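Colleague: One structure coming up, written as structure tokens, with questions to follow.
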Amino acid sequence: MTKQTKFNRRILMMLKNCIALFALISISFNISFAHPTQNIDAKEDLNSGNISNSANIPNSVKLTDLEKEWIKAHPVIRLAPDPEFQPIEFFDENGNYTGIGADYVRLIEQKLGIKFQIVRCKNWDEVIEQAKNREVDVLGNAVKTPQREEYLLFPTPYLKIPSVIIVRNKVTANLTFEMLKGMNVVMVSGYGYVDLLRNKYPEINIELLPDLKSALRKVSFGMADAFVGDLATASFYIESEGISNLRLAGETEPPNISGFAVRSDWLALSEILEKGIALLTEEEQKEIFSRWIRLGPEPGVTMAQLKKIILIIISIVFIIIVIFLFWNRMLQSVVRLKTEDLRKEIEERKHAESALIKSEAHLRALIKTIPDLVWFKDIDGIYLACNLKFENFVNMEEKDVIGKTDYDLVPKEMADIYRRDDKISMEQRTIFIREEQLTYHDGHTEIVETIKTPFYGSDGHVIGVLGIARDITERKKAEEERQKLQEQLFQARKMDAIGHLAGGVAHDFNNMLSIIIGRTELARLSISVSDPLYNSLFEIESVAKRSADLTNQLLAFARKQTIAPQVINLNNSIEEMLNMLRRLIGEDIEFVWRPFSELFLVKMDTAQLDQVFANLIINARDAIINGGGKIIIETNNVIVDNSYCELNSCSIPGEYVVMAVSDNGCGMDKKTLDNIFEPFFTTKELGKGTGLGLATIYGIVKQNGGFINVYSELGSGTTFRIYLPRIYDEENQRELASYEIVDKEAMGGTETILLVEDESAILEVSQVMLEMLGYNVIAADRPDEAIRLANDYKGEIDLLITDVIMPEMNGQEVANKLRSIFPDIKLMFMSGYTANVISHHGVLDSGVNFIQKPFSMKELAEKVRWTILT
């Protein structure tokens, strides 16, 4: 392109701008006010801005008695203005109703003696909705359309504003509605002109936005081709927002004619407003006009005069163009010398622009593929861009997200939080971080770490906020698991420390008590029975022996008792104690003994075994407060695998004999369970317990290489399970190279299983076991969640595995509800209580499939397979 051509184009551009300026001036003369006594097609009075026939307006308009009575009966009339229709009507920064319509309302109030109660709505759509529902009585300014006439009355309008087309400066042509066909045109949702344009030009692609600011910005950013609306409000926003890249591209017909709108059942008010508008003087309307519309012509300029002025200006411009063209011809020789330099400069610029476009494309592709959620918002919270992960979160494409706010995408409570965080980041110019849980449209949830940081324009001012949300679900799970292991380690160390302390104290006490008991016995034997000191010495000796029993219990807890373990069958040892145990329990409590017939052998001191059972039975008896309860003693063989050991750090994989003592007494809460094995901890009344019973059991079991599991629910009962390692007799003696259970021996399948467990740790390990066995597992941590998942599941669910005692409803109730959905579903229950205790509570029917917690993977595999196949 030569400099001459470039210069010629500049001259043509100047001409076009002059023409556009003249068009703007001519359009501005069309802004006028309609007078109630004049038809919309009446002759315009440009000097006053009124559409009027003042000869037909009476000097005074009187209200009838009925109209006065109507006003008296309605002291407050609800009026809803458009909250963002500058300068026609809007709310200022202090929340005051203002604008042209507001000035008319106040004049009408003064002249008619009526009172409008201003109702503030969020946007024009809400105003229209409230008008339809008759939650408001009057609209301050509305365009009459066939749709609105179904629920509104329209007095004679008082305002006529030209409708215009606004485009970016790069679009140099003047446009008409015919030329807009096939273009993307933005308009404000709810405005009456939308219906008129859609009815007449259905080929125009119209996008509706909630407010004028969003519409003009979308055109300014190049996201839409044009904006159609009224000149007054558009020019007001362009000036107030400082938008410099928009221009007027043409005036459209018909103009925007508007005025009051009254609910359709209040004809009297519509007629009263007709008279009120008629009472307004020409001077009053001029004052309102001049206060808000600054693009109007000077008084006294007629249309003919305006045409002459335009003709003169065009002539002057033409002369200037001729002079410049002549001058330009003289400069051609100079321009020719610069042509080659200019061509090189243009090529370099094109290369730079191409490189910039490529760089921007690479950057956008990079942002799109980042596995985190990424988004950009402007200072008003309007989305400017987002990546694929964010699109998946909101289930919308980026083009649909752009232009929206958080209030369009998430519930209001979340949107309020997000908007507050954005403001903190932008106002304080700092990075804002929070952790939250997001639920995607497909139902899955993620714990994310959200980071928000302001980004700045070239002038250094904050122009928006950048957000990044990273999935930290696995990290949080690892932290929780680490915390749990730390707690278990702390508990083990604490118990070990207490054991060392108790053992040391008990050892010293035993030494001192040995002296006391020995000396007292010698003294007692050296005197006669009739001696007054004899009974005192005997009492001292008895108390010392009881103290020695306490210290022996401390030694048992500390695992420092001198014992003589032997290989025994627990069934035989327990049966020898049954009579003694029944005496401890009493006649009002049912006692049940359920031995396993082929029990493994264990190696243990029988005296210690007596201590264990005596303490457990006494605690179970005391837990049954009002009598009439039940105590069950059971034995069984179990295999403890690695999966169980991951959740119980004190256990070791292998084969064990488990003896369980269960009761249906008062049970214990979590706080009590955390402390039950500590010496001198007791929940019994003063004088009824030493707090050493369970501490003694803990020490004895640990001393014999076993471990204890306690399961209890407050108000439901308690089960103590004591695991003692299996000892092989001489005939079957063998060394175990490893106790790790080989899952290949377990039977698996491909059926679908619904797993319900309110303990998250047990739910997780059970789900992993079943999935390793090949099953399709649907996991739920609450009964209501299980029922919801079952309703949503499209296929068949073959088996329900559910905990028995849970919040909201028990396992049997869950099973009953699911059988209404899947009549052929198989059922299997699991619990920390024994099956007998659960059955006693009436939760399980006889013959139902049941697995006892804790269980190994092999036990679970065999039980599940058997349940599915039977």
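Colleague: Restricting to the stretch 412-457, count the residues that are of a type outside the set (D, E, K, R), open to solvent by 50 Å² or more (accessible area, probe 1.4 Å), assigned to a strand (DSSP E or B) and farther than 30 Å from Tyr793 by Cβ.
Modeller: Total satisfying the criteria: 4.
Colleague: Residues that are buried (at least 21 other Cβ atoms within 10 Å of the Cβ), among the small types (Gly, Ala, Ser) and either farther than 19 Å from Ile697 by Cβ or modelled with pLDDT of 75 or more (or both): does the stretch 627-642 have at least one?
Modeller: The answer is no; no qualifying residue exists.
Colleague: Which residues, taken from the stretch 587-603, are open to solvent by less than 40 Å² (accessible area, probe 1.4 Å) and under 15 Å from Asn664 (Cβ atoms)?
Modeller: Ile589, Phe591, Val592
Colleague: Continuing with the same structure: Filter the stretch 581-599 down to the residues that are without any contact (Cβ under 8 Å) to a residue 12 or more places away in the chain and either on the phi > 0 side of the Ramachandran plot or in a helix (DSSP H, G or I) (or both) and list them by number.
Modeller: Listed by number, the residues that qualify are Arg582, Arg583.
Colleague: State all residues of the stretch 115-167 that are among the aromatic types (Phe, Trp, Tyr) and assigned to a strand (DSSP E or B); if no residue qualifies, say none.
Modeller: Phe116
Colleague: Can you give me the number of residues within the stretch 369-390 that are modelled with pLDDT under 90, charged (D, E, K, R) and open to solvent by 30 Å² or more (accessible area, probe 1.4 Å)?
Modeller: Counting residues in the stretch 369-390 that are modelled with pLDDT under 90, charged (D, E, K, R) and open to solvent by 30 Å² or more (accessible area, probe 1.4 Å) gives 1.
Colleague: Please go through (1) surrounded by 15 or more Cβ atoms within 10 Å (Cβ to Cβ); (2) under 18 Å from Gly403 (Cα atoms) for Gly222 and return the number of the only condition it doesn't satisfy.
Modeller: (1)
Colleague: Given (1) open to solvent by 100 Å² or more (accessible area, probe 1.4 Å); (2) at pLDDT below 80; (3) assigned to a helix (DSSP H, G or I), where does Arg349 come up short, assuming only one miss?
Modeller: (2)
Colleague: Name the pairs whose Cβ atoms lie under 7 Å apart, with the first residue in the stretch 213-239 and within 13 Å of Trp292 (Cα to Cα), the second part of a helix (DSSP H, G or I) and open to solvent by 20 Å² or more (accessible area, probe 1.4 Å), and 6 or more positions between them or separate chains?
Modeller: What qualifies is Tyr237/Lys213.
Colleague: Of Tyr97, Tyr158, Tyr104, which residue is within 20 Å of Glu284 (Cβ to Cβ) and at pLDDT below 85?
Modeller: Details: Tyr97 fails: at pLDDT below 85; Tyr104 fails: at pLDDT below 85.
The match here is Tyr158.
Colleague: Now, a different point. Starting from the stretch 194-209, take each residue that is over 22 Å from Ile382 (Cα atoms) and list its partners that are open to solvent by less than 30 Å² (accessible area, probe 1.4 Å), counting only C-beta distances under 6 angstrom and pairs at least six apart or across chains.
Modeller: These pairs meet every condition: Val194/Met187; Asp195/Thr145; Tyr201/Phe177; Ile204/Leu180; Ile204/Val185.
Colleague: Output yes when any residue across the stretch 552-560 is within 22 Å of Leu724 (Cα to Cα), open to solvent by less than 30 Å² (accessible area, probe 1.4 Å) and at pLDDT 60 or above, and no when none is.
Modeller: No.
Colleague: State all residues of the stretch 712-726 that are under 19 Å from Ile618 (Cβ atoms) and in contact with a helix residue (DSSP H, G or I) (Cβ under 9 Å, 6 or more places away or on another chain); if no residue qualifies, say none.
Modeller: Ser712, Gly717, Thr718, Thr719, Phe720, Ile722, listed by residue number.
Colleague: Looking at (1) assigned to a helix (DSSP H, G or I); (2) open to solvent by less than 40 Å² (accessible area, probe 1.4 Å); (3) modelled with pLDDT of 90 or more, which one does Gly403 not meet, given that it meets all the others?
Modeller: Condition (1) is where Gly403 drops out.
Colleague: Name the single residue, out of those in the stretch 105-118 being surrounded by 15 or more Cβ atoms within 10 Å (Cβ to Cβ) and touching a helix residue (DSSP H, G or I) at 6+ places or on another chain (Cβ under 7 Å), that is nearest to Leu208 (Cα to Cα).
Modeller: Checked the stretch 105-118; the qualifying residue nearest to Leu208 (Cα to Cα) is Phe116.
Colleague: Still on this structure: If we keep just the residues of the stretch 148-163 that are within 43 Å of the chain's Cα centre (by Cα) and not charged (D, E, K, R), which is most open to solvent (accessible area, probe 1.4 Å)?
Modeller: Only one residue tops the list, namely Tyr151.
Colleague: Here is a follow-up. Which strands (runs of 3 or more DSSP E) does the stretch 729-832 wholly contain that include 1 or more residues that are open to solvent by 40 Å² or more (accessible area, probe 1.4 Å) and at pLDDT 90 or above? Don't jump to the end; show me each part of the working.
Modeller: Values: elements: 752-756, 776-780, 799-803, 826-831.
Result: 776-780, 826-831.
Colleague: Restricting the search to the stretch 119-138, which residues are of a type outside the set (S, T, N, Q) and either open to solvent by 40 Å² or more (accessible area, probe 1.4 Å) or in contact with a helix residue (DSSP H, G or I) (Cβ under 6 Å, 6 or more places away or on another chain) (or both)?
Modeller: To start, the set of residues in the stretch 119-138 that are of a type outside the set (S, T, N, Q) comprises 119-122, 124-129, 131-132, 134-138.
Matches in the stretch 119-138: Arg120, Cys121, Lys122, Asp125, Glu126, Glu129, Lys132, Arg134, Glu135, Val136.
The values are calculated or read from the model by the stated rules, or taken from the named source; none is laboratory data. Bear in mind that the values here come from a model prediction, so they are computed numbers and not experimental data. With ideal geometry, Cβ positions are generated from the backbone for all residues, glycine too; neighbour counts draw on all protein chains shown. Protein only, heavy atoms only, side chains kept; ligands, DNA and RNA dropped before computing areas. Shrake-Rupley method; radii C 1.70, N 1.55, O 1.52, S 1.80 Å.
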